[in-house]
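Engineer: Pasting a structure below so you can have a look.
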Amino acid sequence: MSTIVPLLQADDTDPGEASIYERIRDDIIQGRLAANARLKVAELAERMGTSTNPVREALQQLRGEGFVVMMPNRGARVRPIDDTFVRDIFEIEVLIEPALTRWFVSLATKADLQALEEVQAEIEALNFADPQKHSQLDMTFHRLMYDRHYNRHAVDLWWRHREILSAISRQFQTSMSRQASILAEHRELIRCISRQDADGAARIIAQHVEGSGRHIIEHMRLNQRRD
């Protein structure tokens, strides 16, 4: 199985440490870098204890993902992370993931199904007790379906969007109703794949993605009302 890695790796960090890209991204998501704040390369490099080149590379990647806006003669600024930002991402994912899933259904083997069942069993046994571990298992579940797809651009786009939504969702607790939906949708997805029902699998994965996106948006809007 092929392995997908984030597009940017920080060469001047130890293995296991967050990359410069991840640190700036998380500062934006958590509000430590305020919306519309100017991002000065030299200041960020000093703050993160690195040279300016990794910061420039990170800002370019963040620009490509919509976190950063760059304007002529005005430099880079933080894009507001709001419900519109999340909506745009998950609406794209609703288009990408069903296509990836349909392809997987066409070639899924008994070994693939067993692997999905094993990961799902781990997810259910964990029962959301450890959000970080759940996120890792959930990522493994979906990568089992997508990693072998021939369209690497589509898979890389899914990966980047998944990383962004995961980073944003870490701010919020998953509701009991959403937890139940996640488990049920995974189970139904496995059933559709076992029956080679590509249409059903595509429908379930679209529902799964949209449900996750709307859950994040609901939390964001609730926080806005509290503020």
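The values are calculated or read from the model by the stated rules, or taken from the named source; none is laboratory data. Quantities reported herein were computed from a predicted structural model and do not represent experimental measurements. With ideal geometry, Cβ positions are generated from the backbone for all residues, glycine too; neighbour counts draw on all protein chains shown.
Engineer: Filter segment 58-94 down to the residues that are closer than 20 Å to Ala42 by Cβ and either touching a Phe, Trp or Tyr at 6+ places or on another chain (Cβ under 6 Å) or among the β-branched types (Val, Ile, Thr) (or both) and list them by number. Give the derivation first.
Structural biologist: First, the residues of segment 58-94 that are closer than 20 Å to Ala42 by Cβ: 58-63, 67-78.
Residues satisfying the conditions are Ala58, Gln61, Val68, Val69, Val78.
Engineer: Which one is modelled with the lowest pLDDT, of the residues in segment 39-93 that are under 15 Å from the mean Cα position of the chain (by Cα) and aliphatic (A, V, I, L, M)?
Structural biologist: Ile81
Engineer: Further question on the same structure: Out of Ala167, Ala111, report the one residue that is small (Gly, Ala, Ser), under 18 Å from the mean Cα position of the chain (by Cα) and not assigned by TED's automatic domain parsing to the domain that holds Ile24. Quick ask: steps written out before the conclusion?
Structural biologist: Details: Ala111 fails: under 18 Å from the mean Cα position of the chain (by Cα).
The unique qualifying residue is Ala167.
Engineer: Further, regarding this structure: Being over 16 Å from Pro98 (Cβ atoms) and either outside any helix (DSSP H, G or I) or outside the structural domain of Asp88 (by TED's automatic domain parsing) (or both) is the filter here; which residues of segment 137-162 pass it?
Structural biologist: Hits for segment 137-162 are Asp147, Arg148, Tyr150.
Engineer: Could you check, for segment 79-97, whether at least one of its residues is touching a helix residue (DSSP H, G or I) at 6+ places or on another chain (Cβ under 9 Å) and more than 27 Å from Ile217 (Cβ to Cβ)?
Structural biologist: No: segment 79-97 contains no residue that is touching a helix residue (DSSP H, G or I) at 6+ places or on another chain (Cβ under 9 Å) and more than 27 Å from Ile217 (Cβ to Cβ).
Engineer: I'm trying to understand the selection: among the residues of segment 94-106, which are within 17 Å of the chain's Cα centre (by Cα) and either farther than 25 Å from Arg152 by Cα or in contact (Cβ under 8 Å) with a residue 12 or more places away in the chain (or both)? Lay out the reasoning, then the answer.
Structural biologist: Here is the first cut: in segment 94-106, the ones within 17 Å of the chain's Cα centre (by Cα) are 94-98, 100-101.
Across segment 94-106, the qualifying residues are Val94, Ile96, Glu97, Pro98, Leu100, Thr101.
Engineer: Taking Ser106, is it in the same structural domain as Gly211 (by TED's automatic domain parsing) and within 16 Å of Ser169 (Cα to Cα)? Steps first, answer last, please.
Structural biologist: Working: in the same structural domain as Gly211 (by TED's automatic domain parsing): yes; within 16 Å of Ser169 (Cα to Cα): no.
No: the conditions fail for Ser106.
Engineer: Please pick out the residue among His153, His161 that is over 18 Å from Phe90 (Cβ atoms) and not hydroxyl-bearing (Ser, Thr, Tyr). Steps first, please.
Structural biologist: Numbers: His161 fails: over 18 Å from Phe90 (Cβ atoms).
Every option except His153 fails the conditions.
Engineer: Filter segment 112-148 down to the residues that are farther than 25 Å from Arg25 by Cβ and of a type outside the set (A, V, I, L, M, F, W, C) and list them by number.
Structural biologist: Going through segment 112-148, the residues farther than 25 Å from Arg25 by Cβ turn out to be 112-127, 129, 144-145, 148.
Selection gives Asp112, Gln114, Glu117, Glu118, Gln120, Glu122, Glu124, Asn127, Arg148.
Engineer: Going residue by residue through segment 131-143, is there one that turns out to be among the basic types (Lys, Arg), buried (at least 17 other Cβ atoms within 10 Å of the Cβ), at negative phi and modelled with pLDDT of 95 or more? Give the derivation first.
Structural biologist: In the first step, residues of segment 131-143 are kept if they are among the basic types (Lys, Arg); the result is 133, 143.
Narrowing further to those that are buried (at least 17 other Cβ atoms within 10 Å of the Cβ): 143.
Next, from what is left, pick out any that are at negative phi: 143.
From the residues that got through so far, the ones that are modelled with pLDDT of 95 or more too are 143.
Within segment 131-143 (the criterion being among the basic types (Lys, Arg), buried (at least 17 other Cβ atoms within 10 Å of the Cβ), at negative phi and modelled with pLDDT of 95 or more), the answer is yes, since at least one residue qualifies.
Engineer: Let me ask something additional. State which residue pairs qualify: first residue without any contact (Cβ under 8 Å) to a residue 12 or more places away in the chain and inside segment 38-59, second residue surrounded by fewer than 19 Cβ atoms within 10 Å (Cβ to Cβ) and part of a loop (DSSP other than H, G, I, E, B) in any location, beta carbons under 8 Å apart, and separation of 6 or more residues or different chains.
Structural biologist: That search, which allows pairs on different chains as well, returns Ala45/Ser51.
Engineer: Restricting attention to segment 212-227, report how many residues are of a type outside the set (A, V, I, L, M, F, W, C) and surrounded by 16 or more Cβ atoms within 10 Å (Cβ to Cβ). Spell out the reasoning first.
Structural biologist: If we filter segment 212-227 for residues that are of a type outside the set (A, V, I, L, M, F, W, C), which is where we start, we get 212-215, 218-219, 221, 223-227.
Checking the rest, the ones that are also surrounded by 16 or more Cβ atoms within 10 Å (Cβ to Cβ) come to 212-213, 215, 219.
Of the residues in that region, 4 qualify.
Engineer: Testing His134 on (1) out of contact with any helix residue (DSSP H, G or I) (no Cβ under 7 Å at 6 or more places or on another chain); (2) closer than 20 Å to Gly211 by Cβ, one condition comes back false. Which one is that?
Structural biologist: His134 satisfies every listed condition except (1).
Engineer: Quick check on segment 41-50: of everything there that is of a type outside the set (Val, Ile, Thr) and surrounded by 13 or more Cβ atoms within 10 Å (Cβ to Cβ), which residue is nearest to Met70 (Cα to Cα)?
Structural biologist: Kept after step one, since they are of a type outside the set (Val, Ile, Thr), are these residues of segment 41-50: 42-49.
Going one step further and asking which of them are surrounded by 13 or more Cβ atoms within 10 Å (Cβ to Cβ), we end up with 44-45, 47-48.
Numbers: Leu44: 16, Ala45: 18, Arg47: 21, Met48: 21 Å.
Filtering first and then ranking leaves Leu44.
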